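The values are calculated or read from the model by the stated rules, or taken from the named source; none is laboratory data. Small disclaimer: the values here were computed from a predicted structure and weren't measured. As a convention, Cβ positions derive from the backbone with ideal geometry for all residues, glycine included, and neighbour counts pool all protein chains shown.
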Amino acid sequence: MRRELLGIVCWTLSLGCASWEVESSVTIEASPKTVWTILTDLPGYADWNTYSPSAVGSLREGGVVTIEARLGEEVRIVDNRVTRVEPERVLCWHSMNWFESLARGTRCRLLEPVGVNATLFRHHEIMEGPLAWLIGKLYRPRIEAGLAQMNGDLKRAAEGAAP
């Protein structure tokens with residue numbers, strides 16, 4: 001349904017639709033519970049997260065979380081609507097900007113138990129809309145680097161906190 005509506009917007013504006021996806025994953029030697037606890041402690045982001053050192057808001061479906069993203073030398077403040085919360089498994093949100101109908105990023109963090117006490121953590125983002133190509137041209141390499149950076153930060157924090 002959403003993709004159909006997006007197609008109508010793209011056709012109406014005669015801009016053509018584009019989308020792109022990025023993903024970064026890491027195996028963390030800590031339980032999904034430990035990883036989830038760190039990931040959802042928004043005030044604690046400053047202690048471990050060098051990509052997004054500030055996060056404020058409500059991690060409930062429909063809640064809004066404001067994130068500071070460090071994209072190389074540029075710092076962006078982005079409001080996000082939380083779309084999915086499954087404790088110790090899934091946390092998703094999408095960006096809320098004035099240009100949301102032209103380009104919108106949806107980011108999910110996926111936690112999967114691995115073995116006895118490890119977690120496969122995946123960051124997945126899709127950018128879609130008529131101007132997704134422009135966001136990709138301007139920001140994609142920095143977003144990819146930021147996701148990998150945050151994954152490494154989360155790995156260090158969770159493994160340091162694991163019993």
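Details
- Of the set (1) of a type in the set (Gly, Ala, Ser); (2) farther than 16 Å from Ala157 by Cβ; (3) without any contact (Cβ under 8 Å) to a residue 24 or more places away in the chain, all apply to Ala55 but (2).
- Selection within the stretch 58-79 - free of Cβ contacts under 8 Å to residues at least 24 places away in the same chain and among the small types (Gly, Ala, Ser): Gly62, Gly63
- Breaking point among (1) of a type in the set (Asp, Glu); (2) modelled with pLDDT of 90 or more; (3) over 12 Å from the mean Cα position of the chain (by Cα), for Glu4: (2)
- Restricting attention to the stretch 123-147, the residues that are within 30 Å of Ser31 (Cβ to Cβ) and surrounded by fewer than 17 Cβ atoms within 10 Å (Cβ to Cβ) add up to 4.
- Residue in the stretch 54-68 that is in contact with a helix residue (DSSP H, G or I) (Cβ under 8 Å, 6 or more places away or on another chain), over 25 Å from Ala118 (Cα atoms) and not in a strand (DSSP E or B) present: no
- Within the set Ala132, Ala118, Ala103, the sole residue that is in contact with a helix residue (DSSP H, G or I) (Cβ under 7 Å, 6 or more places away or on another chain) and either within 17 Å of Thr40 (Cα to Cα) or hydrophobic (A, V, I, L, M, F, W, C) (or both) turns out to be Ala103.
- Test: residue in the stretch 60-72 that is of a type in the set (Lys, Arg) and surrounded by 14 or more Cβ atoms within 10 Å (Cβ to Cβ): yes
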